[in-house]
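What follows is a set of notes on a single structure, which appears directly below.
The values are calculated or read from the model by the stated rules, or taken from the named source; none is laboratory data. Please read these numbers as outputs of a predicted model, since none were measured by experiment. Every residue, glycine among them, receives a Cβ derived from its backbone with ideal geometry; neighbour counts consider all protein chains shown.
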Amino acid sequence: MSAQPEHGRGDMPLPEIRTVDDLRSALSRYGFPGDRERFEEELAAAIGASPTNDFEGAAAVVRAYRHRILIRNSSDIMAALEEARAEGGRE
């Protein structure tokens with residue numbers, strides 16, 4: 001039997017994330033602690049700093065947080081992160 005990652009979630013079925021509202025729901029349910037709040041702050045800042053005809057900054061925030069959902073829900077990636085974190089403490 002292999003060791004389970006510390007987070008203990010394993011791969012979870014992911015919801016479809018087609019809209020910003022879908023992403024908000026996914027962050028609340030599947031994200032890292034604090035992701036939803038940071039997402040809202042970063043999205044608001046990106047929108048506020050965007051020219052009215054270019055929302056690429058806001059789109060980049062959405063893509064980054066969507067990717068965090070994929071990372072959080074991959075047991076392979078989470079195990080690799082845990083391993084890297086454990087190795088980082090060794091000198």
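A count restricted to region 71-80 and to residues that are in contact with a helix residue (DSSP H, G or I) (Cβ under 8 Å, 6 or more places away or on another chain) and part of a helix (DSSP H, G or I) stands at 4. Of all residues in region 65-86, those that are touching a residue at least 40 places away in the same chain (Cβ under 8 Å) have Cβ atoms under 7 Å from Cβ atoms of residues that are surrounded by 13 or more Cβ atoms within 10 Å (Cβ to Cβ) and of a type in the set (Ser, Thr, Tyr), 6 or more apart or on another chain, in ILE69/TYR30; ARG72/TYR30; ASN73/TYR30. Test of understanding: among ARG18, ARG24, which residue is assigned to a helix (DSSP H, G or I) and at pLDDT 90 or above? Within the list ARG18, ARG24, the selection yields ARG24.
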